[in-house]
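Take a look at the structure below.
The values are calculated or read from the model by the stated rules, or taken from the named source; none is laboratory data. Because the structure is a prediction, the values reported are computed rather than measured. As a convention, Cβ positions derive from the backbone with ideal geometry for all residues, glycine included, and neighbour counts pool all protein chains shown.
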Amino acid sequence: MTLFIPYSEELSEESKRKVAEFNGQAGTLFTLKEAAAILRVSVRTLQRWIAAGEIEAFRIGSRWRVPAGSIAKLMQSGGGDPDGQG
């Protein structure tokens, strides 16, 4: 199955690039540090979003992983906006 996240013209060019990049990474899992860097937030902020149910993540053993699709979905909904508008 291929993950495809459509985007609208309202997204910034950077967000469009990231969504397009994630469209080819359906099975990719990111660490919290990697996901936070992609979303341009701190790891602690990402942990808060996970606890609040704003982004899907799960544990493998004692480590948290964030699916690429969850990051793309958050970006598509306007969350994780580096300008603080999401």
- Message: I'd like to check something: does segment 21-39 contain any residue that is among the hydroxyl-bearing types (S, T, Y), assigned to a helix (DSSP H, G or I), at pLDDT 85 or above and surrounded by fewer than 16 Cβ atoms within 10 Å (Cβ to Cβ)?
- Response: no
- Message: Looking only at residues that are within 15 Å of K33 (Cβ to Cβ) and either surrounded by fewer than 17 Cβ atoms within 10 Å (Cβ to Cβ) or basic (K, R) (or both) in segment 63-74, which one is farthest from the chain's Cα centre (by Cα)?
- Response: R63
- Query: Which condition breaks for R65 when tested against (1) more than 27 Å from E13 (Cα to Cα); (2) assigned to a strand (DSSP E or B)?
  - Reply: (1)
